[in-house]
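These notes concern the structure reproduced below.
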Amino acid sequence: GLLAVRRAGDAYLLVALVDLDNFKALNDNHGHSAGDRALVQVAKALQSTTRDTAIIARSGGEEFVIADTMSSHDPMPLAQLICDAIADLPVRVTASVGTACAALGDVYDRGRQPLIEQLVTAADAAMYHAKRSGGNRVHHHQHERPLIGHHQSGATDRDLLRAIVRSSCGAGANRIDS
């Protein structure tokens with residue numbers, strides 16, 4: 001599992017939601033095949049800007065979810081890298097990126113599912129904040145009290161990442177594999 005391959009010091013669980021800005025206009029003006037090509041290019045950009053431990057999925061339409069562990073509680077450099085990589089694609093599309101993190105330490109147990117729901121909800125709110133601020137932006141959910149997770153017995157980081165993707169995407173998820 002991810003526990004074996006994650007880098008020493010990875011102490012935070014990251015959820016990033018990526019929503020393509022004005023994607024409907026791309027489809028309307030250039031056709032759905034152009035939109036499909038753009039989605040493939042975005043998926044490749046997400047793969048190239050994230051670590052190989054990340055789980056990336058298309059959660060619907062023009063939305064993607066990324067789940068990974070990281071050593072810092074500040075995902076803004078990664079989120080900005082994702083935003084910039086999408087804006088630099090040959091296809092004219094930008095993205096609004098929202099993030100949320102939780103410490104993986106054994107501080108207290110809120111239960112895995114409530115934590116996952118909190119992270120997805122917080123990342124979604126952050127993504128909409130970025131979109132309402134004009135798009136082609138990133139926003140990190142700042143919580144008054146950090147979201148803190150606890151590994152339940154037998155649960156691995158990979159289990160948490162998969163649960164986040166399932167929670168965010170539902171049954172219609174399209175996992176993006178290398």
Legend entry - Gain in span if fully extended, ALA25 to ASP88, counting 0.36 nm per residue against the direct Cα distance: 20.9 nm
Legend entry - Principal axis box of the range 24-129, alpha-carbon based, largest edge first, Å: 51, 23, 22
Inset, instruction - Count charges around HIS139 for me, please; just the other residues with Cβ under 10 Å from its Cβ, Lys/Arg as +1, Asp/Glu as -1. - result: +3
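Bear in mind these aren't lab numbers, they're just calculated from the coordinates by the rules spelled out. Since the model is a prediction, treat every value here as computed from it, not as a measurement. So basically every Cβ, Gly included, is an ideal-geometry build from the backbone, and we count neighbours across all protein chains shown.
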